[in-house]
Each structure stands twice: as C-alpha cells, then as structure tokens.
1. Sort out which residues of region 301-311 are of a type outside the set (D, E, K, R) and within 22 Å of the chain's Cα centre (by Cα), and write them in order of number.
2. In region 266-299, which residue that is crowded, with 20+ Cβ neighbours inside 10 Å and part of a loop (DSSP other than H, G, I, E, B) is nearest to the chain's Cα centre (by Cα)?
3. Report whether or not GLY262 is under 21 Å from ASN121 (Cβ atoms) and surrounded by 16 or more Cβ atoms within 10 Å (Cβ to Cβ).
4. From the residues in region 433-461 that are touching a residue at least 60 places away in the same chain (Cβ under 8 Å) and among the small types (Gly, Ala, Ser), which one is surrounded by the most Cβ atoms within 10 Å (Cβ to Cβ)?
5. Check region 517-529 and report whether any residue there is surrounded by 20 or more Cβ atoms within 10 Å (Cβ to Cβ) and either touching a Cys at 6+ places or on another chain (Cβ under 9 Å) or modelled with pLDDT under 95 (or both).
6. Do any strands (runs of 3 or more DSSP E) lying entirely in region 431-524 carry at least 1 residues that are in contact with a Leu (Cβ under 7 Å, 6 or more places away or on another chain) and of a type in the set (A, V, I, L, M), and which ones are they?
7. Kindly check whether there is at least one residue in region 200-207 that is among the basic types (Lys, Arg) and either under 26 Å from ILE379 (Cβ atoms) or not in a loop (DSSP other than H, G, I, E, B) (or both).
8. Scan region 341-355 for residues that are touching a residue at least 24 places away in the same chain (Cβ under 8 Å) and either outside the structural domain of TYR274 (by TED's automatic domain parsing) or not in a strand (DSSP E or B) (or both) and jot them down.
Amino acid sequence: MIKLKILQAGALTLHLWQRPLSGDGNRVETSSVCVRASDGTHCLDAGPTHDFQLHVAALFGPATIEWDESDTEVSLAYVFRRERVATEGITVLFTTARNAPACDRFLCHLKPPFGWMNDPNGMSLQGDRLHLFYQHYPHARRWSAMHWGHAATDNLIDWVHYPIFLSPDKELLADRQMTGGVFSGSAVPMPDGSLRAFYTDREDDRLPNWEWQKTVLSRDWITAGAPQTIIQDRPPEPDAVRDNRDAYVFKGDDGRWKLLLGGADKAGGVIYLYETTAEDAASDWRYVGIFYRETIGGSLPLECPCLIPLHGAGEGLHLLIFGIIGMRDKTTLRRHLSFGVVGRLQGDRLLDTRRFEMDFGTDAYAFQAISQARGPLAIAWAANWADVFKELDFPSAMTFPRTISFDGTRLRTPPAAAVDGLRTNLLAQGPLATFTTLELPNGLADIRLDNIDGVGFEIEFVHPEFGLRLTYDGVEMELHFNAGNRVTPRYLRHTGRINDVRILIDRGLLEIFADGGAHCCTKRFDSAVPIRIVRMTSSGDDASGTFEAYELRAAKTFIHYQENDGRVGG
C-alpha cells in the first residue's frame, strides 16, 4: 500500500492521474485510489485505460491518499487552493522516476514542473500578468499524448505553475492504438474577462480529417470549459494535405475574428485563413482562402503560425512567424527552421513580404508572440525536433522572452529588458582585450561585449561533455558544437560587421544575441553540468570595445514539492 499525506488544511482541489496496473501478462481492469480527508472519504475509481487519466476531488485537508500497488498505478498528484493558486501555484504530492522534474538544469528559464514540454501556446495578457500555455505530457520526460500545461508571470522571469489546463479525450487515452491529443493553438482574452483558447485536436488516422480545430472558454483562466469543434474539415483547396494545425486567432481590422492554420499543398507550405462574425468566436467559422504561401521548404507543411502588428519604425507592417517542420538546410545541415516574414496586411493577404530566419542556432522553435503596449513580445521552445528520440528522456525549457522590432531593414529579437532582473553579482568588466578567462561560480552568467566595431574573437565555453565555441571573423559568426561521434550541423550566420554581443548562459542552454538581436543563436545541450569557465581571445592587439559579465540567479518558480510526500509502503 502506498500512502501520501496532504499537509495543508482547508478547502483544496486534488488532481490525480491513475490507471490500472499494466504489468506483463497480468493486466487488471480497474484501479482505485482512496482519499481520507477531514470532510470524509473520496473514492477515485476507474475502469480500463491505456494511459493515465485525470481524477478530480474537492476536499478539506489535511488528508491521506492511499492505493494498492498490486492493481493501481499513480503517475502524478498535486493540490491547490483555487483562491490562491494564482500567487502560490500548485503543490506537487507525487511524481515517479519517469516524470520527475529536471531540477538540475534550465535554472533561469521556464521549464515544466514534471514531464515533457514543447511548443508554447495561448500566450495572453490578464492585466499585467502574462499567461503561457504549452504542449505537455505530464507522465514522462518523453513526447506522448499532448496536454496543455500552464504557467504565468508578473515580471517575465519568475513563474507561477498552474494546474494542467487541457487534457486529451478520454477515449484517446483509453485506447492503446490511438495517438494524438491536444495540439498547439492560441488564446484571446474576451471583453467579459474570460479567456477563450483555440487548439488543434489530433487523432492520428481519423477520417476524413485527423486534425480538428476546437475551442474552450475559461472564466477563471484556470479551468477550461467543455470543448466545441469549430472546424472539422480540411481547407477546401484541391491540393490541401492532411496537416492543418495550430489555430492562431486574432481580431482583424474589420472587427471580425480571424484564424490562421498552418498547412501545405503540393506547391508548398501555406497558411490558411478563416473568419467569423460571431462575437464570442465560438461558431460560424468560414474558410476565406490562402493567407500566405512559402516555397523555401518545398511542399513541407508550415506550423505554429503567429501574426502580430509591428511598432516604431515598423508601424503599419505585420510580422508572420512560422516553423517549417522537416526542413533541412543543405549547406549547414540544420533542420526544422523558424522564419519571420514582415509584410503589409491588405485585406486577407500579406503583401510585399521580406523573410528572416528567426534563430540560426535552431533551438528556438514554435514561436508565440503577442502585441502589448511596450511592443511585441515572443517566446519559443528552446529545443529542436532533430534532437528528440522516442526512447530517450528529453528535458527542455522555453527561451527567455524576446522583444520584436523592425527598423526597415533588419528584424531584431533581443531578450526582454526584464531578463536584466536575473543579474546579481558583477563578475568582471573592462576593455575587451583584458577579457581572457572568466570563472562562473554557479554556471549562470550574462556576458556583454560592446563597441567591438567588427573585431574578431573566439569564445570557448569550457564543458566536460561538449565542445562549445563561438567564433566571429568580422564577416561570419558561428557556434561550433561538438557532441563526440555525432555529426552535428553548422550553426553559421553571415552577419557582416557587428558592434555588440550578448551571451546568456544557463545549465544546458545558451542564448546568444548580436547587434541588438539582429542575429540570434539558441543552443540546447543535453547536460546538467554547468559551464564553469569561459575563455576569450580577440583578433589583433588593438581590439576595441568593452565587456561586462554578471552572475545570474535562478528564476523563482512558484510551485511547492511537498517534502514528506509519503512514498512508503504500508
């Protein structure tokens, strides 16, 4: 018998995922968990299911949770107080070795409290609070049936972890032969203070269309209502393929709600456009046409579309961001690339477009962005599908939030100013020529090179498992990544003369920005071992410029892991 204790007193909500034991040849048909609380006993019983399914109980703590290991598996359990979860977050009572959090890496970045994370979804503002949902599998650090995780921040660097927001259909989880889940999408705040989320519901091999578009309404930004299907068929184009996903919704200049879908036809990747006159955006969606066509990736589908208006010098223009899944650059061997297209929005089309690659390190994928008073803000998944293997755990995180600007020539996406709030101690500063060896006490650092005026350099990030070097010769910048016997791409960008570089170092993640974010390079490396030493050499004795380096603190995560989680036999 397994026993867990819930120490908190008062009204609580319990989320617990269970299934019947799935041992070799002796699978049982039912599972049962008993919750003994101050207000009585709650029995959480379930029938056959392949994957873990959610059970919810409203209870009064303190309480004890019990189950028999001979017939029941539990993957995850947490509790929260509804009236205080926005500031306190959830309290995790139980995880397993499969889904335990990666506490030893990505210390400065948003990462999942348990399980797997990929694409950011539903980025939206509730007053000054930024909410971010994300693709999530809570029961292992490997991709599987997609859910939506949920976190929020008041300062863009410290995060509160909310309850899981969306789960796949019970029928999909129950059947071993069915795969899919709640795929990517967006969310929009409604005039009455609620939040409406849109997503792709995927069921592999469902006929006639395996990807449907659905919506849910959340009145409290914590709990999702019942899903409604808004688009069930493929776009009515003669050559449309079956990949039509990642609903992105925004309000058009004509007052109508618009919806973008990534996809492809035989001629290339496309973004489809739908619209509705329904004020609540929950019905009457009609197909408008092809919003944008991209041929750089051949006939590979576009995904994770996002459209935002630009500010400042880019006033009057829009930025369309998308990923091209499966794309491979023949010269550098980089895969699954992300692009931003600046253009003029005229009616239902994006015209006079200019394309930019978002990140030449490629570990910034599936960007989500929103428009806010201070200008556009974006965040991406800090990883690349090329590094994911189904049989291996894959801890990951999100990039730092990035601002977006366009000066008429270049698209810039530097880290948001709020990232400066992670700085603590000044480690070193001075003329660039004096930067030779820098020790990082905790392996977390913010390094800036300024006024370098095109001077070449080489920076080595000393690591016992991987070779990591950043070189610049006045024309090209390259991050050299050596992973032993594995063939790795070339992370290379023709930059021309640059004047500044910023390097943000976390455990397992580098983010590099040159010329104010005109050139970005994000690289995840699969290790919890910190970079302790950074070495630099400049080309020439007359190297101009200055440098400064700060130690960073870890991001604060408003979530509790109950110390006495009671994982003992009884």
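1. PRO301, LEU302, CYS304, PRO305, CYS306, LEU307, ILE308, PRO309
2. Selected residue: GLY297.
3. So GLY262 fits the description; yes.
4. So the residue we want is ALA445.
5. The answer is no, given that none of the residues of region 517-529 is surrounded by 20 or more Cβ atoms within 10 Å (Cβ to Cβ) and either touching a Cys at 6+ places or on another chain (Cβ under 9 Å) or modelled with pLDDT under 95 (or both).
6. Because the criterion is at least 1 residues that are in contact with a Leu (Cβ under 7 Å, 6 or more places away or on another chain) and of a type in the set (A, V, I, L, M), the strands (runs of 3 or more DSSP E) in region 431-524 that meet it are 437-439, 445-450, 457-462, 467-472, 476-482, 500-506, 509-514.
7. yes
8. ASP348
The values are calculated or read from the model by the stated rules, or taken from the named source; none is laboratory data. Bear in mind the structure is a predicted one, so any value in this text is a computation, not a measurement. No Cβ is skipped: glycine too gets one built from the backbone with ideal geometry, and neighbour counts run over all protein chains shown.
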